[in-house]
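All of the numbers you see were taken from the coordinates with simple rules; none came from a lab. In this text, all values refer to a predicted model and were calculated from it rather than measured experimentally. Positions of Cβ are generated from backbone atoms using ideal geometry, with glycine treated the same way; all protein chains shown enter the neighbour counts.
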Amino acid sequence: MAIRNSGEASARVKPKEKFDFFHDERVRSVFYQILTACVVGWLAWYLITNTAHNLEVRGMNTGFGFLSATAGFDTDFKLIEYKPGIGTYGRIFLIGCINTLLVSFLAIIASTILGFVVGVLRLSSNWLVARLSLTYVEVVRNTPLLLQIIFWYVGVFALLPRVKNSLDLSVGAELVFLNNRGLYSAWPIPGDLFWMTSVAFVAAVIGVFILRGWAHKRQDRTGQQFPIFSASVALLVVLPGAIYLLTGSPLDWDLPTLQGFNFAGGASLPPAFLALLIALTFYHAAHLAESVRAGILSVSKGQTEAALAIGLKPSRAMSLIIIPQAMRAIVPPMISLWMNVVKNSSLAIAIGYSDVVALFMQTALNQAGYAVEMVGMTMAFYMFISLSISGLLNIYNKRVQLVER
Amino acid sequence: MSMAKAEKSVTRSAPLTETSFIGWLHKNLFSSWVNAILTFVSLYIIFVVIKSLWIWGVAEAVWVAENRRECFAISKDGACWAGVIIWLENIFYGRYPRDELWRVNLGGLLLILWMAPLWLPRVKDKIFIGLSTVFLYPFLAGYLFAGGDKGIFMQLMVTGAIVCLVGNTVHACIGVFSGGGLPESLLGILGRKDASDANQRNTLLAVLAIAFVLIYALQIGWTVEAVPWTKWGGMFLTLVISGIGITSALPGGIILALGRRSKLPVIRVLSTSFIELFRSVPLITVLFMATTMFPLFMPEGFVLNKLVQVIIAVCLFSACYMAETVRAGLQAIPKGQYEAAHTIGLGYWGMMGLIVMPQALKHMIPNIVGSFIGLLKDTTLVSIIGLFDILGMLRSISQDAPWRGLHKEPLIFGAVLFFIVCFIMSKYSRHLEVKLSAGANR
Amino acid sequence: MKSTSFITSVAAAVAVAAVALAGATVASAKTTLEIVKERGHLRCQVGQPSPGFYNLDANGEWYGSDVSICQAVAAAIFGSKKKLEIQSVSSQVRFTALANGESDLLSRTATWTLLRDTQLGLDFTAVNFYDGQGFMVPKDSGITSAHDLKGATVCVLTGTTTELNLADFSRVNNLNIKPVTFEDQNVRNDTYLQGGCDALTNDKSGLASNKAAFPNPGDHIVLPETISKEPLAPAVRQGDAQWFDIVKWTVYALVGAEELGVNKGNVDDMRANSTNASVRRMLGVEGNLHDGLGLSKDWAYNIIKEVGNYGEIYAAYMGSGKLGIGIGRSGSANALWTKGGLMYSPPFR
């Protein structure tokens, strides 16, 4: 009885925590973590020693000294100065990175625009247009990107005219030519006083922002609308234009002209670049179109009806009410799609555009060896870009969460 | 009441726009000027594309020829499909010995037979059938494809797989016809239907063991000729690589996803960095890493062949993508489920394995099909590092002496093939999505 | 469920281990010949299909001149050209695949250079094809010499020595040639045919096969200049002298047989009836030349019986045979030394 009594009495007191070494959660968690760390550490050590040993046995060179060694090959597309036999492998890496970034950047912009257009067209009331957009999206999404890149390169650029019969895209002005060697365009060369025009343009941009702020305030106060768009365009055109003319048109154009075998002068883009750009754009736009469509559909129908009920035109309802709300659902997949654009640009290797993979991990690796260093550097480059873009996504997500409260 | 109309209003027919074909046209194609222009532009695009494809691909195409010169002689403006047709076996099976092709076909048929019960109504224990597909089928198919001498381990696994396949099929048939399952029927035949649970289980195990021994004895005499990996190729190789990729991605992805959501910092950091490492680089760099760096990682004298290097790379890559899919699935499970599992006294693994994972996995099925489509398309990259997958084969046609230079037709053929396969799968995954979400809303 | 997850992880580990073991081979201190004999077949590395040298046919079989070298080595060791596994490896990893023992022999269009011979841990055996880089232009362009190519756009494959040679040639002659690089031969050829570049550069063997595949081969000419030396030779791992000898003398046996007039058709007759001492020694009727190689007495007989002599291989795949790429042999470096070429076999004695 006494035992039971004491038991009843102590039932209300919190039972003393028993420390059981093998079943304690904290001990276990520390144990598991140490175990994992050990296994991973051992694996890393094992791989590193093997690699070091193999490199030594095979007499392969190591270290990053090769970056300052001269490279003997040329590349057909570069934005910075490079000469074979003088330029170094380090410079080759830089050229590759810049080329990757350039094509990715342009493809991101183009595919974002096209993706929004197609996404809206998917919901078009025109049956034929909706079906056509659907066909485009399905075809592009269900075939490998690699095949598409090769298709654009082989199938489309092979059909363009020869140099002598170049298409003049500027309708007779001889400024932009397209032929099967690429796109040639006039390139501006700023003169001495051109900086004043630039300053005027920057001033105009700042002016537009001030104007917008003022117009919004006025609308809040009085309800009157101000034609911001036309006023801004006028400001952006008139101010720099006037300065440009006053300083005596200080801008020369470097025109592409046919000399000997090729066009000389101006700026040019090789067909591989164009094919890659187009393929990346079409591929990712199709994916984005689906996200845009899903995003727009996720906005409840009541929003549209309410917008129309307060007298907004359908286009204003779309741009002021629907799209801003849909953006919340569209932006995260869109940003990860941007990441994919950068990664997929590595398929350039199939058509010989000099991106970082083709130039550095293929050609340079073939010429110089240094497999570990070169593969590592290329992967590090992609990781840096991807992490930057996902950082962007995180910032956006935080802002959206704040807005949502 | 004087407001009421005295006479009956005339019954009007429905407006034109609602019923007739012209009405449909007006409503859907020509409702406004902009729409009318869009319609005409679309019609023009469709006309041009279909016309040129028709002329090149069908009307002017050459279907039978000995070589490309002959194609040129017959028609210069049309496609030369003859080369693709002659190469079809290479495109589908690679260099697999022509007398042994039945093995590849049988492997495919067995997979269909194995998985068919998953789609049949009234079949019980689908989870077991699914798991056995993942863990036993690869061994049977692996032996069927690679052949050669079976080691003791392979013999056991092949026997197990055959027993399991037979059991599954019988179980499924019984399920479809009577709504029961293999265990009950088996016991019914043996007249032990009312025995205790333990006895029932023992009887079942005994029957299975006898079957196992019988089949083991039978399969010892069964060997097939060894086919080295260098002879694997074409669509078959593409499917093998992406199949292994997706099957191993599931367990790998689950482990990584759980690791990333773990409360233990060391495990979380390691999982997260592993996932982010592979997700932030393109597959082609991972494949390059596999072929140039894996040989350096191995101890001296230990050599992995190219196929294994590529498969490991694809597995690592797809596991990291799957981990994010799993993580999204886990995040969708309401917190109440975790708390409820804790309340009934389940530990971490019990909670995950019995409560959370089954729900999460069910909702991830469409995403998994989506990942498989993605992986199937991405697998074409292995042609860049020199494997003869379907793209590698398609690109080799143009180097073969009779067909030198024939490269557009194979690419178009490949694109159409991929489109058909991927389109069907993506339609199916969308259908699943609708079905599952309908189930969830009920 | 705890046990299930445990089983799951074990199963996964076992599967991974099984795959790893199936794909792994463990080399040891044995000589290459011993390893090859034990395995029962030769592993010979070629590249991705390239006309003339190695190609796949519609039945999935390899053919080509470099494939014939592989077959000859297999025949020398096993007496049958079928005991052979052809591995096709992309160019980035060709030398590593040989170095780590994945392949026994590299028989692909690898140019013999000092750097490769000394720094990559491999040895080139004997040249089986003398190639050199050249240019092809459309006939109507009016170009007759490579020195006319000032400022021209030239199509070239990326990641090859061809690319380096072109850069060197342009720099030395101050031609300011603009390279357009391609990953794929077909795309490069199409681009050239469409006028996407003014000239095409490649090894001359490659140019010949490219030209043969054009719709109108007569509209293009190969310029006379050869801007590089490309001796192509099978290569083996460094450090196994016996294996090096086997491969080297297999090539010499092919050339020697042609010199001595032994071919696939008459080899049986020659072995039985020839009175020429060199022929008798080569075919193993007289003497014990095979001892030094560690092969059987009839090794050279097997090579000729199974594969044919060098002339026959050349005619079939490089010359105007049905599978050939149509490069004339007479007057070129690939003719026999007795006919003014460089193909020369040391004596069989």
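Please give the residues of the stretch C:332-349, grouped as numeric ranges, whose backbone N is less than 16 Å from a label point set 7 Å along the Cα-to-Cβ vector of residue C:320.
C:332
Give C:81/C:229; C:229/C:264; B:306/C:37; B:306/C:305; C:83/C:264; B:150/B:306 a once-over and call out the pairs whose C-alpha atoms are over 24 Å from each other.
C:81/C:229; C:229/C:264; B:306/C:305
Which value in Å does the Kirkwood hydrodynamic radius of the protein assembly as shown take, with 1/r averaged over all unlike C-alpha pairs and then inverted?
It works out to 34.7 Å.
Hey, could you pull the Cα Rg and Dmax for the stretch C:260-310, both in Å?
So, for the stretch C:260-310, Rg and Dmax equal 10.1, 28 Å respectively.
According to a simple spin-label model (label point 7 Å from Cα along Cα-to-Cβ), what is the distance in nm between residue B:333 and residue C:241?
Simple spin-label model gives 6.8 nm for this pair.
Which of rounded, prolate, oblate describes chain B, given a ≥ b ≥ c as roots of the alpha-carbon gyration tensor eigenvalues and a/c under 1.5 marking rounded, otherwise prolate only if a/b is larger than b/c?
Oblate is the answer for chain B, as a/c is 1.5 or above yet b/c matches or exceeds a/b.
How much mean residue ellipticity at 222 nm does the protein assembly as shown get from its helices, if each DSSP H run of length 4 or more adds -39500 (n - 2.57) and you divide by all residues, to the nearest 500 deg cm²/dmol?
Per the formula, -18500 deg cm²/dmol.
On average, how many beta carbons from a partner chain sit within 10 Å of the beta carbon of a residue in B:138-150?
Partner Cβ neighbours, averaged per residue: 1.
Quantify how strongly other chains surround peptide A:65-77 by giving the mean number of their Cβ atoms within 10 Å of each of its Cβ atoms.
Partner Cβ neighbours, averaged per residue: 4.
Using label points projected 7 Å from each Cα along Cα→Cβ, tell me how many nm separate residue A:380 and residue A:319, to one decimal.
Spacing of the two 7 Å Cα→Cβ label points: 4.7 nm.
Over 28 Å between C-alpha atoms is what I'm after, so list which of A:343/B:263; A:343/B:408; A:301/B:362 land there.
Table pairs above 28 Å Cα-Cα are A:343/B:263; A:301/B:362.
Treat every Asp and Glu Cβ in the protein assembly as shown as -1 and every Lys and Arg Cβ as +1, leave all other atoms uncharged, and give the resulting dipole magnitude about the Cα centre to the nearest 20 debye.
The calculated dipole for the protein assembly as shown is roughly 4080 debye.
Show the residues, 5+ positions off or on another chain, whose built amide H is closer than 5 Å to the amide H of residue C:153.
Answer set, sorted by chain and number: C:178, C:198, C:199.
Mind checking which aspartates and glutamates have their Cα closer than 13 Å to the Cα of residue C:248? Skip sequence neighbours fewer than 8 apart in that chain.
Straight-distance partners of residue C:248: C:123, C:240.
So for A:64, B:288, fewest C-beta neighbours within 10 Å to most, what's the order?
Lowest to highest Cβ neighbour count: A:64, B:288.
Near residue C:139, which lysines are there with a Cα under 23 Å away, not counting those fewer than 8 places off in the same chain?
Reachable lysines: A:164, B:76, C:150, C:178, C:204, C:211.
Which number do you get for Rg(Cα) / (2.2 N^0.38 Å) in the stretch B:20-86?
Against the empirical 2.2 N^0.38 Å value, I get 1.80 for the stretch B:20-86.
Which listed residue (C:191, C:218, C:166) has the Cα farthest towards the positive end of the charge dipole for the stretch C:142-233, taking +1 on Lys and Arg C-beta and -1 on Asp and Glu C-beta about the Cα centre?
C:166
Name the GluC sites (Glu not before Pro) in the stretch C:40-115 that are in a loop by DSSP and that have at most 13 other C-beta atoms within 10 Å, would you?
Within the stretch C:40-115, the qualifying GluC sites (Glu not before Pro) (loop, at most 13 other Cβ atoms within 10 Å) are C:61.
Once Lys and Arg get +1 and Asp and Glu get -1 on their Cβ, which of C:132, B:21, B:222 lies farthest toward the positive end of the dipole of the protein assembly as shown?
Going by the Cα projections, it comes out as B:21.
Near residue B:124, which aspartates and glutamates are there with a Cα under 13 Å away, not counting those fewer than 8 places off in the same chain?
Result set, ordered by chain and number: B:184.
Would you mind estimating how fast the stretch B:193-298 diffuses translationally, via Stokes-Einstein at 4 °C and 1.567 mPa s with the Kirkwood radius over Cα pairs, in µm²/s?
For these conditions, the coefficient is 67 µm²/s.
Per the Debye formula with a single identical scatterer at each Cα and no solvent contribution, what log10 I(q)/I(0) holds for the stretch B:99-226 at q = 0.10, 0.12, 0.13, 0.20 Å⁻¹?
-0.36, -0.51, -0.59, -1.18
Quickly work out the residue A:53-to-residue B:272 label distance, labels modelled 7 Å from Cα along the C-beta direction, and quote it in nm with one decimal.
Taking the two extended label points, one gets 3.5 nm.
Go through the stretch C:247-336 and name the trypsin sites (Lys or Arg not before Pro) that are in a DSSP coil and have 16 or fewer other Cβ atoms within 10 Å of their Cβ.
C:264, C:297, C:322
Compute the orientation-averaged projected area for the stretch A:187-254 from the convex hull of its Cα atoms and round it to one decimal in nm².
In nm², the orientation-averaged hull projection of the stretch A:187-254 is 4.9.
List the residues whose amide H sits under 5 Å from the amide H of residue C:175, counting only those 5 or more places along or on another chain, with H placed 1.01 Å from N in the peptide plane.
none
Based on the Cβ-Cβ distance from residue B:261 to residue B:220, what FRET efficiency comes out when R0 is 60 Å, to the nearest 0.05?
The computed FRET efficiency comes out at 0.80.
Can you give the three extents of the C-alpha atoms in the stretch A:271-372 along their principal axes, from longest to shortest, in whole Å?
69, 29, 16 Å, listed from the longest principal axis down.
Over the C-alpha atoms of the stretch C:133-228, what are the Rg and the largest Cα-to-Cα span, Dmax, in Å?
When restricted to the Cα atoms of the stretch C:133-228, Rg and Dmax are 11.8, 35 Å.
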